[in-house]
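For reference, the structure is listed below as structure tokens.
The values are calculated or read from the model by the stated rules, or taken from the named source; none is laboratory data. What you see is a predicted model, and the numbers here were worked out from it, not measured in a lab. A quick note on method: Cβ atoms are made from the backbone with ideal geometry, for glycine too, and the neighbour counts reach across all protein chains shown. Heads up: the accessible areas ignore ligands, DNA and RNA and are worked out on the full protein's heavy atoms, side chains in. Shrake-Rupley method; radii C 1.70, N 1.55, O 1.52, S 1.80 Å.
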Amino acid sequence: MNRVYWLNTDIIQGSQEEPKEGGIVIVGSGLSGISCAYWLQHYGYKDIVMVDYEATKAASFRNCGHILHGTVESMKALSTLHGSENAAEIWGFSIEICNLLKETIKREQISCEYKQDGYLCIAINKSEDQEIRESVRLLQGLGYPSDYVEKEDIKNLGFQNVFGGRFEAPAAQAHPVKFRNELVRICLKNGLQYHSGVEVLEISEKNGSVFLETKKKAYKFDAAVIASNAYAPKLSTFFRQNRLIEPFRGQIMVSQSLKEKLKVTYPHSFDHGYEYALVTPDNRLMIGGWRNQTKSQELGSYELVCNPLIERGLSAFVQKHYSIKEKLKWPYSWAGIMASSQTGFPFIGPTNSPLIFTCSGFTGHGFSWAHGSAKMLAQIMVGENIPKVLRFFNPKKI
């Protein structure tokens, strides 16, 4: 099965006509690509073309709708890897971009089922519980919102075979297709040229221009933005040579609408984020992950076929850790190709050419990071002062 719950809402796609050459071209129309168009228009750019190919396969429409503080690492792990000061700066930036997404939704009056009622990170063993306790201590010491939740309180929320947890009240969720569609409508109204069915084979610079090689022809532009996340290595020699991104397959399943009202309706995760979940507005459990239990960890794959081993693993995980009395059925199950970046952070800025930029490599945290990274990229392109935190995301420093 490869049936995507979010795609019950049709995505807006572009014209099948040939793109008009010139201006800035954005390759990719997911959360990152359309956010790049949105912010470039915000900063005054008029001549913008966005292209995509097989848009419904994009990871933007196959995620779990989480809008979270932090990175894929806990604050404890982030501090160990990068030092406490750097970790604090990165975490602070992640809060800023969550707020930025919320502001965009409010300013543009976007109807996308946005809900801000928190996020719960649940430990399933003692060592993870200790890491969560230490992360809460570090976050509270910085004045960032985070609270420890006792084991019994988590059990009372409808879980079993768990330990303590970390709760962050400002975290949120939203419908990724509805948010993206509204940004598309806004950008089209403001002059964006959007074309679908354009299979880009390579992006390169020659004699001061950027060329998009396709099976039909090479299209000429003034500049380009690679906003294709896991597919960036397929389009760019720079990404391939530097091995900046490796694709991995993530899987998600969604249950039937449950008669029993689930108590935790906000985003939550287990096992250092390897399993992640939320409850949809129609009271379905959406859960993804479990790839860390496979030999390959699903790395290196561009195949969208669901792995039945992971489907069985997720089903067993729910039985073990949720106190749900109903017999679960899974009418939705899908795979998405995500991007694991070399640094664990997105890449934002120019690549090997001052005319070819990127906003890619979200490593599983794409919703708020895609929108926030796109604004930072637009600021780079217009020559604004860039915050120091950019040094962690610069692809040319690898």
Inset, instruction - Report those helices (runs of 4 or more DSSP H) wholly inside the range 100-214 carrying at least 1 residues which are under 27 Å from S35 (Cα atoms). - result: 176-189
Inset, instruction - Kindly indicate whether any position in the range 76-84 is buried (at least 21 other Cβ atoms within 10 Å of the Cβ) and either under 17 Å from the mean Cα position of the chain (by Cα) or not in a helix (DSSP H, G or I) (or both). - result: no
Inset, instruction - Consider P350 carefully, then state whether it is open to solvent by 40 Å² or more (accessible area, probe 1.4 Å) and touching a residue at least 12 places away in the same chain (Cβ under 8 Å). - result: no
Inset, instruction - Tell me which of these T104 doesn't satisfy, since it passes every other one: (1) open to solvent by less than 50 Å² (accessible area, probe 1.4 Å); (2) more than 20 Å from the chain's Cα centre (by Cα). - result: (2)
Inset, instruction - May I ask you to list the residues in the range 356-398 that are surrounded by fewer than 19 Cβ atoms within 10 Å (Cβ to Cβ) and part of a loop (DSSP other than H, G, I, E, B)? - result: G383, E384, N385, I386, P387, N394, I398
Inset, instruction - With respect to K320, determine if the residue is open to solvent by 10 Å² or more (accessible area, probe 1.4 Å), in a loop (DSSP other than H, G, I, E, B) and in contact (Cβ under 8 Å) with a residue 12 or more places away in the chain. - result: no
Legend entry - Only one of I252, I245, I287 that is within 17 Å of the chain's Cα centre (by Cα), within 19 Å of Q160 (Cβ to Cβ), surrounded by 22 or more Cβ atoms within 10 Å (Cβ to Cβ) and of a type in the set (A, V, I, L, M): I287
